[in-house]
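The values are calculated or read from the model by the stated rules, or taken from the named source; none is laboratory data. The structure displayed is predicted, hence computed values, not measured ones. Positions of Cβ are backbone-derived with ideal geometry, glycine not excepted, and every protein chain shown enters the neighbour counts. Just the protein is used for accessible areas: all its heavy atoms, side chains included, with ligands, DNA and RNA removed. Shrake-Rupley method; radii C 1.70, N 1.55, O 1.52, S 1.80 Å.
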Amino acid sequence: MAVSLFATAGILFILFTGSSAQIRGDNLQTCNMNDGFGKYCPTTCGVADYMFRYIPVVDEELTSMQNELETIANLTQGADEKIEYMKDSATSAQKSSQPDPYYKRSSSMLDDVLRFEKTFIAQEQQLLELQSVISSNERRMADLKKMALQLQQKCSQPCRDTVQIQTLTGTDCQDVANKGATTSGLYYVKPAKAQEQFLVYCEIDSFGRGFTVIQRRQDGSVDFSKDWIQYKEGFGYLSPDDTTEFWLGNEKIHLLTTSSSLPTVLRVELVDWDGNKKYADYNMFRIGSEADMYRLTYGYYFGGDAGDAFDGFDFGDDPSDKFYTSHNGMQFSTHDKDNDKYAGNCAQQDGSGWWMNRCHAAHLNGKYYTGGRYTEKDAGEYGFDNGIIWVTWHSRWYSLKETTMKIIPLSRITAGGGQQTGIKQFGGLGDA
Ligand SMILES: [Ca+2]
């Protein structure tokens, strides 16, 4: 009896721990950088699917619990009858006032009956408690089912658990475009030096230009305060429709910019909170190897209306400002790997990974500030300018709304009629 009760309690315990872990959403745990690019975080569709998969298991557990309860109920009923029978026979034994042996036996039997009755009452109490636990559990199950149903209704469209990846591949997005790809989206590329292919978002325009996007900010949904390994491998999410934020990863950017002897142009595109768009181009853009701490080098500023923030900026604090905020030749720093030119740790103070000097005039991996303007007080513990900054356009206390960093071979950047075309093309607007 007791054994069977404990077993029931055990099942209940498993059910409870199981269901609470489920509510929290195990899927979230798997949605990290190790999961690789190209996968969405669990969508509501994914959660609904998960819950529906889970319901049959719980149903089964509930059924087996109910069976268990029925067995117990049967046992107690049997015991009930036994007690009645024992009472009856004890009474009849007393009534018959037979000589001692019988009376002794029946009185010790009565003691047994009393003990038995006590246990019985205690067990009945336990049963009641168990039953109330079960019914509250059933209520929770019903709530869960309702929630799952609501979630499913929200997913009126088919769930997109997998991301659409284009079939063409190449050494980079320009190569993919040269092979005939005309649609922006996710492609596998394999630069000459790469051991294996990896996924990138290719922005392909109507001039057949294929930009390989290496950084994207647009809504602050991804935290860019990450460590060395994360910046090395990349983080955030790639999406086929350019709706998500990410850092492609220093290793991949290194491979993309050093596998070919042809010069690569970095195009920086920026959008402020009034919807204004500007850009800056840098020719012969290269990111060194990890041994050289992913050092940034470029040949020269190639133009653009956002200004040359990579060259540093004279903030007016000190004549050396411009020198110490330039970025060409700087190694990459993260909070856990300080390669900057500052006595302190720029990346730690600004909560980002970047080619820090002492510290920056351009800072596109900075903290996302909705609305743009922020102050020393907003900047937390250290109070430095830690927003998304391009200081030749907006001040360091203005954080940009959107940024894109993308690369393309120099030979293709002017396709379609020079820089002006580049501006018009920006943001997917218009044709020449
Ligand atoms: Ca330092």
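Can you give the charge dipole size of the range 121-235 about its Cα centre, rounded to the nearest 20 debye, using +1 on the beta carbon of Lys and Arg and -1 on the beta carbon of Asp and Glu?
Charge dipole, the range 121-235, about its Cα centre: 300 debye, nearest 20.
Please work out the C-alpha center-to-center distance from the range 122-195 to the range 359-403 and express it in whole Å.
When both Cα centres are located, 34 Å separates them.
Using the reciprocal of the averaged 1/r over all distinct C-alpha pairs, how large is the Kirkwood radius of the range 165-414 in Å?
18.0
Taking a cut-off of 13 Å between Cα atoms, list the aspartates and glutamates near Lys190, but don't count ones fewer than 8 places away on the same chain.
Within reach: Asp172, Asp175, Glu251.
Could the peptides 306-312, 391-397, 246-252 be put in order, highest first, of the mean number of other beta-carbon atoms found within 10 Å of their residues?
My ranking of the peptides, most packed first, is 246-252, 306-312, 391-397.
Between Asp59 and Phe323, take the C-beta separation as r, use R0 = 51 Å, and let me know the FRET efficiency to the nearest 0.05.
0.15
Can you work out the FRET efficiency for the pair Arg105 and Gln77, with r the C-beta to C-beta distance and R0 = 25 Å, to the nearest 0.05?
0.40
Suppose R0 equals 22 Å; then what is the FRET efficiency for Thr375 and Tyr301 from their Cβ-Cβ distance, rounded to the nearest 0.05?
The computed FRET efficiency comes out at 0.15.
Under the classification rounded if a/c is under 1.5, otherwise prolate if a/b is larger than b/c and oblate if not, where does the range 209-280 fall, given a ≥ b ≥ c as square roots of the Cα gyration tensor eigenvalues?
Verdict is oblate for the range 209-280.
Placing unit charges on C-beta atoms (Lys and Arg positive, Asp and Glu negative, everything else neutral), compute the dipole magnitude of the range 165-414 about its Cα centre in debye, rounded to 20.
640
What is the distance, in nm, between label points placed 7 Å from the Cα along the Cα-to-Cβ direction at Asp336 and at Gln153?
Output for this residue pair reads 4.5 nm.
Applying a 10 Å radius around every beta-carbon, put 370-379, 405-414 in order of their mean neighbour count, most first.
In decreasing order of mean packing, 370-379, 405-414 become 405-414, 370-379.
Given Lys252/Lys406; Lys87/Lys118; Lys154/Lys401; Lys193/Lys401, which pairs have Cα atoms separated by over 24 Å?
Flagged as over cut-off: Lys154/Lys401; Lys193/Lys401.
In square angstrom, what is the accessible area per residue of the range 165-414 with a 1.4 angstrom probe?
39
For the range 185-239, state what percent of all Cα-Cα pairs lands in each successive 10 Å bin, counting from 0 Å until the bin that includes the largest distance.
So the P(r) values, bin by bin, are 19, 46, 31, 5.
Using a simple spin-label model with points 7 Å from Cα along the Cα→Cβ vector, what separation in nm is obtained for Arg115 and Arg140?
The answer from the label model is 3.8 nm.
Using the Karplus curve 6.51 cos²θ - 1.76 cosθ + 1.60 with θ = phi - 60°, what ³J(HN,Hα) values do you get for each residue of the range 217-234, in whole Hz, with x for Gly and Pro?
Karplus-based 3J(HN,Hα) across the range 217-234 equals 10, 7, 8, x, 6, 10, 7, 9, 8, 10, 8, 4, 4, 5, 5, 5, 7, x Hz.
List the relative contact order of the range 196-354 as a percent without decimals, with contacts defined as Cα pairs under 8 Å and 6+ residues apart.
17
Which order do peptides 52-62, 343-353 fall in by mean Cβ count within 10 Å, highest first?
Per-residue Cβ counts within 10 Å, averaged per peptide and sorted highest first, yield 343-353, 52-62.
In nanometres, what is the gap between the two model label sites at Ile165 and Gln218, each 7 Å from Cα along Cα-to-Cβ?
Label at Ile165, label at Gln218, 2.1 nm between them.
From the Cα gyration tensor of the range 214-352, with a ≥ b ≥ c the square roots of its eigenvalues, which class applies: rounded if a/c is under 1.5, or else prolate if a/b is larger than b/c, or else oblate?
Because its axes are fairly even, with a/c under 1.5, the range 214-352 counts as rounded.
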